[in-house]
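Shown next, in structure tokens, is the structure this report addresses.
The values are calculated or read from the model by the stated rules, or taken from the named source; none is laboratory data. Everything numeric in this text was worked out from a predicted model, so none of it was measured. Cβ atoms come from the backbone with ideal geometry, glycine included; neighbour counts cover every protein chain shown.
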Amino acid sequence: MKRFALMLLLATGFVNAVAANKQPVWEGANLLISQKGIAKRSALLHANGSFPKGAVLTSVLWRYELLSRNSTGLHASLCIPGQCVRLNGQNGSTEMFAGLSAETPFYLVFHVPGKGALRQPMRVTKYQLIVNYAKK
């Protein structure tokens, strides 16, 4: 089974086609988390027909960067509509979505549990997904 990688830069939903290989790229960033208990969500990301017909997900790799080093209490999740997987660090991979259509849209959710203002707000400056898929 031949595997392919598709890089998705998440954020505001702005889509550009990469000329060399026609892979969609989403660019933008800067989610500010300043209140406990209030989740910040990236835009819903659609592949918009970029995958071969019948392609299925095999794994998803993620990476996100914070402006400050203090990420105490920050929870991050990788989601599809109706299901989220808690991320165990600023980078890693999951096979939780294996077998789903490669056209499945994703989004990220960031939050700090509790109530009230954060003493020092956190800024997620960049987030990135690499979606591995296979042709059926």
Looking only at region 88-97, filter to residues that are assigned to a loop (DSSP other than H, G, I, E, B) and out of contact with any Leu (no Cβ under 6 Å at 6 or more places or on another chain); which one of those is nearest to Ile130 (Cα to Cα)? Glu95
Output yes when any residue across region 9-23 is in a loop (DSSP other than H, G, I, E, B) and at pLDDT 90 or above, and no when none is. no
Criterion (outside any loop (DSSP other than H, G, I, E, B), touching a residue at least 40 places away in the same chain (Cβ under 8 Å) and surrounded by 18 or more Cβ atoms within 10 Å (Cβ to Cβ)) met by exactly one of Phe110, Phe51: Phe110
Does Lys36 meet the test of being modelled with pLDDT under 90 and more than 17 Å from the chain's Cα centre (by Cα)? no
Condition (residue is on the phi > 0 side of the Ramachandran plot, surrounded by fewer than 13 Cβ atoms within 10 Å (Cβ to Cβ) and over 12 Å from the mean Cα position of the chain (by Cα)) applied to region 117-136: is it met by at least one residue? no
Look at Tyr64 and say whether it is modelled with pLDDT under 90 and crowded, with 17+ Cβ neighbours inside 10 Å. no
From Phe106, Phe97, grab the single residue that is among the aromatic types (Phe, Trp, Tyr) and either touching a His at 6+ places or on another chain (Cβ under 8 Å) or over 22 Å from Ile33 (Cα atoms) (or both). Phe97
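For (1) over 19 Å from Leu32 (Cα atoms); (2) assigned to a strand (DSSP E or B), each residue gets a yes or a no:
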{"position": "Thr58", "(1), (2)": "yes, yes"}
{"position": "Ser68", "(1), (2)": "no, no"}
{"position": "Pro121", "(1), (2)": "no, yes"}
{"position": "Val124", "(1), (2)": "no, yes"}
Restricting the search to region 98-107, which residues are over 15 Å from the mean Cα position of the chain (by Cα) and not in a strand (DSSP E or B)? Ala98, Gly99, Leu100
Mind checking which residues of region 77-92 are farther than 19 Å from Ala43 by Cβ and exposed (fewer than 14 other Cβ atoms within 10 Å of the Cβ)? Arg86, Asn88, Gly89, Asn91, Gly92
